[in-house]
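Colleague: My questions all concern the structure below.
Coordinate-derived values only; no laboratory data. Everything quoted here is computed from the prediction, not taken from an experiment. Note that each Cβ is placed from the backbone with ideal geometry, even for glycine, and that neighbours are counted across all protein chains shown.
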Amino acid sequence: MNFKVEIAKKINTLVDMEFDKVMELIEIPPQTNMGDYAFPCFQLARVMRKSPNMIAAEIAGKVQADSIVEKAEAVGGYVNFFINKKEYIRIMIQEILEKGEKFGSSEEGKDKNVIVEFSSVNVAKPFHVGHLFNTILGSALEKVFRHSGYNTIRINHLGDWGTQFGKLISAHKRWINEEALEKEPISELFRIYVKFHEEAEKDPALEDEARAYFKKLEEGDSEVTILWQRFKDLSLREFSEIYEMLNVEFDSYAGESFYSDKMDEVVQILREKKLLKDSNGAKIVDLEQFSIPPIMILKSDGATIYATRDLAAAIYRKRTYDFYKNIYVVGGTQSLHFNQIFSTLGLMGFEWSKDCVHIGHGLVKFADKKLSTRKGDVVFAKDVMNEAVHKTMEVIEHKNPNLENKEEVARKVGMGALLYTFLKNNREKDVVFTWEDALNFDGDSGPYVQYTYVRGRSILQKAGYVPDTADLTFLSTEDEFQLVKLLGAFKDSVKEAVERYEPFVVVRHVTEIAKAYNKFYNTHPILNADENVKNARLQLTKAVGIVIKTGLSLAGIETPDNM
């Protein structure tokens, strides 16, 4: 049962306003002594020709206590509703225990396909912490959509095409170390890529050679195609290790090269629509009507660029998946590019362009390094991930050296600390990464929330049982009610995460649940309480564990059994 919906129904019978509008207006009061839900009456004042205070008093006077509402009070133009606490606790805990990991899920997205493009790493280049942010965010976003009933398609739009491959082929012929390439492919390819740019600064002719090699690749030259495929295969082999550590999967690895034979149609449509214009030999689409710069479609030599491939990809995805939403999780610095892409699709006559969404995110600031794949000054994701596990193991060896399954716990906690760090704030905020914050067991961190889950699990193990039935009216304290309210609001946090494309909403909410449970745990006895109270609190503890585990899983964070 959704108490907000039930209260909205009551209001709807008392005022002349559409139900959806009532639902939209209902608020959560800033303080618990002001009630559990509040309905503002200001919008009714003009229609009813009465003051908001008078309208609020009339509505409150007509609300009768029942299994949903304990009482209603009029305060300054608001109707404050106090829900029936005992009934709310009973219904909510029973629902959580019955639904388990499906709690908070819905059928909101039934029969709707949602594409989430994320990670989208560049072949033969390092998987750095910027990619890590993108991959973690995209995976979490896909999970909250799936939990809301959408049919999700996870796409890794690989950067596997372009002039950089001409540079790599040129560099490969000059400086490759075959042994190093097999052992550490990305490091070796990165080394020769950086060396190419260093040498090209001395000898600009190398850039022309690189362009010539890429042209051969576009034309299907067998020698350079074999080299390109090898670069790609070796890169994916290393990337797959990172995805495995992150518990991230994809349904498609169709990258830029996949659309190399699909771009002629894009150019043809643009010509037919008379949208192509000449600009110093290149072909562009003028986007002045949208107050943004033009988008290049063809270079002066007739070669396509990544924007052309993005247009082809969007058209292909609509035809293949008939998407409800086509979500691009790409850094915020690319907002102009996607604005150009979506505007161009609209000019091409594709009304579904409005269903394409760019989800930008901030930068990662780590040890004062700026990420640059040309200069070689880059923080490798794999190094950060391994360091997270290593540092967690050091903490375990210091605090709990006899812990069973230390390696597994270190992996789950270390990776959980990393994922939490990237998801604990608004996605558009830059991530300022420090190990002190990430591995803090006492604050807003992954280990803190994981430890809360382990604490609850430990209590249930010590009890030796969780009763099938319990008289939940014995959960009568304010701390217990506020904790259950947070559990019930988990459903709303998932819904909000989908609406705002913000997985951090779920992460923050689960953190608040952990804080509330720890406050409850430190204030109220569980195992030493009277039998009826003990049974009720054991059920509450189990419900808390279910919601924490579910919420963390939506962020890609695993829960250890012990810590």
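Colleague: Residues of the stretch 206-220 with the amide nitrogen closer than 18 Å to a label point 7 Å from the Cα of ASP261, along Cα-to-Cβ, please.
Modeller: 216-220
Colleague: Just the C-alpha atoms of the stretch 372-432: what Rg/Rh do they give, with Rh taken as the Kirkwood radius?
Modeller: 1.10
Colleague: Under the rule of -39500 (n - 2.57) per DSSP H run of 4 or more residues, summed and divided by the residues of the chain, what mean residue ellipticity at 222 nm is obtained, to the nearest 500 deg cm²/dmol?
Modeller: Result for the chain: -18000 deg cm²/dmol, rounded to the nearest 500.
Colleague: For the stretch 236-341, taking Cα atoms only, what is the radius of gyration to one decimal and the Dmax to the nearest whole Å?
Modeller: 16.1, 49
Colleague: Then there's this: In the stretch 413-522, which GluC sites (Glu not before Pro) fall in coil by DSSP and have 14 or fewer other Cβ atoms within 10 Å?
Modeller: GLU428
Colleague: Okay, moving on. For the chain, which longest stretch is free of loop sites, where a loop site is one of the trypsin sites (Lys or Arg not before Pro) that DSSP puts outside H, G, I, E and B and that has at most 15 other Cβ atoms within 10 Å? Write down the numbers at each step before the final one.
Modeller: Numbers: sites that count: ARG49, LYS50, LYS110, LYS262, LYS273, LYS274, LYS299, LYS370, ARG374, LYS375, LYS429.
Between the exposed loop sites, the longest stretch runs 111-261.
Colleague: I'm a student and want to see the number: the projected area of the Cα convex hull of the stretch 162-235, averaged over all directions, in nm².
Modeller: Details: hull surface 17.5 nm².
Convex hull of Cα atoms, orientation-averaged projection: 4.4 nm².
Colleague: Here's a follow-up. Once a ≥ b ≥ c are taken as the square roots of the eigenvalues of the Cα gyration tensor of the stretch 288-409, is the result rounded (a/c under 1.5), prolate (a/b larger than b/c) or oblate (a/b not larger than b/c)?
Modeller: It is prolate, given that a/c is not under 1.5 and a/b is the larger ratio.
Colleague: Wrap a convex hull around the Cα atoms of the stretch 381-554, take a quarter of its surface area, and give that in square nanometres. Kindly include the intermediate steps, with their values, before the conclusion.
Modeller: On the way: hull surface 44.3 nm².
Seen from a random direction, the Cα hull of the stretch 381-554 projects 11.1 nm² on average.
Colleague: Same structure again: Can you list which of the DSSP-assigned H helices in the chain have a Cα extent of 24 Å or more along the long axis and an average Kyte-Doolittle score of at least -1.0?
Modeller: 129-147, 185-202, 222-246, 381-399, 406-423, 446-463, 504-523, 531-554
Colleague: If the limit is 32 Å between Cα atoms, which of LYS125/LYS215; LYS143/LYS273; LYS62/LYS110 go over it?
Modeller: With Cα atoms farther than 32 Å apart: LYS143/LYS273; LYS62/LYS110.
Colleague: Whole Å is fine, so just give me how far the alpha carbon centre of the stretch 1-34 lies from that of the stretch 200-220.
Modeller: 65
Colleague: Based on the alpha carbon coordinates of the stretch 495-535, what radius of gyration and maximum Cα-Cα distance (Dmax) apply, in Å?
Modeller: 15.6, 45
Colleague: Could I ask something else about it? Consider all pairwise Cα distances in the stretch 66-145 and report the whole-number % of them above 22 Å.
Modeller: Value for the stretch 66-145: 60 percent of Cα pairs lie more than 22 Å apart.
Colleague: With all pairs of different alpha carbon atoms counted, what Kirkwood hydrodynamic radius in Å does the chain show?
Modeller: Final number for the Kirkwood radius of the chain is 26.9 Å.
Colleague: Return one quarter of the surface area of the convex hull spanned by the alpha-carbon atoms of the stretch 3-83, equal to its mean projected area, in nm².
Modeller: Taking the Cα atoms of the stretch 3-83, their convex hull projects to 4.6 nm² on average.
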